[in-house]
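Novice: Sharing a structure with you now.
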Amino acid sequence: MTILFLFLSVVAFVFKFFPPKKINYLYGYRTSSSMKNIENWNLANKYSSNLMLTSMLFLLFVSYIFDLLDFEAKNWLIGLLILSFAIMFFLTEKKIKQNEVSK
């Protein structure tokens, strides 16, 4: 599992430091609200990449500790991964809505 979280941390770094410049259907945080306009697109990609990087580094650390302790927690880690993506989605969509209201 540590390898998975290492890979996802690298993906998060790529999203953070090489965000998509234009709205596209291949790369970036793609939801109907984020793709509505370029302002939402930039906000969503910046905000979600920060959340993803933080959560993946945390999960990488937890996974590494579990490996050191020889604690089999694959199901827990998968659950935490799914939860982290759900939280990332919820918070990013909330941020987009707040930004639209404040205009």
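The values are calculated or read from the model by the stated rules, or taken from the named source; none is laboratory data. Note that the structure is a prediction, hence the values are computed from the model and not measured. Backbone-built Cβ (ideal geometry, glycine too); neighbour counts: all protein chains shown. Just the protein is used for accessible areas: all its heavy atoms, side chains included, with ligands, DNA and RNA removed. Shrake-Rupley method; radii C 1.70, N 1.55, O 1.52, S 1.80 Å.
Novice: Can you tell me which residue in region 67-85 is least open to solvent (accessible area, probe 1.4 Å), limited to those that are in a helix (DSSP H, G or I) and charged (D, E, K, R)?
Specialist: My answer is Asp67.
Novice: Determine whether Ser34 is crowded, with 16+ Cβ neighbours inside 10 Å, in contact with a Gly (Cβ under 9 Å, 6 or more places away or on another chain) and over 27 Å from Thr2 (Cβ atoms). Step through it out loud before you land on a result.
Specialist: Values: crowded, with 16+ Cβ neighbours inside 10 Å: yes; in contact with a Gly (Cβ under 9 Å, 6 or more places away or on another chain): yes; over 27 Å from Thr2 (Cβ atoms): yes.
Here the answer is yes, as Ser34 does meet what is asked.
Novice: With under 14 Å from Glu93 (Cα atoms), outside any loop (DSSP other than H, G, I, E, B) and either in contact with a His (Cβ under 6 Å, 6 or more places away or on another chain) or of a type in the set (D, E, K, R) (or both) as the only criterion, which of Lys36, Lys46 stands out?
Specialist: One residue alone meets the criteria, Lys46.
Novice: Mind listing just one residue for me: the one in region 12-50 that is touching a residue at least 40 places away in the same chain (Cβ under 8 Å) and under 13 Å from the mean Cα position of the chain (by Cα) and, of those, farthest from Asp70 (Cα to Cα)?
Specialist: By that ranking, first place goes to Ala44.
Novice: Still on this structure, please answer the following. Please enumerate the residues belonging to region 1-11 that are aliphatic (A, V, I, L, M) and within 12 Å of the chain's Cα centre (by Cα).
Specialist: Leu8, Val10, Val11
Novice: Filter region 32-56 down to the residues that are closer than 27 Å to Leu77 by Cβ and either at pLDDT below 95 or polar (S, T, N, Q) (or both) and list them by number.
Specialist: Result: Asn45, Ser48, Ser49, Asn50, Thr54, Ser55.
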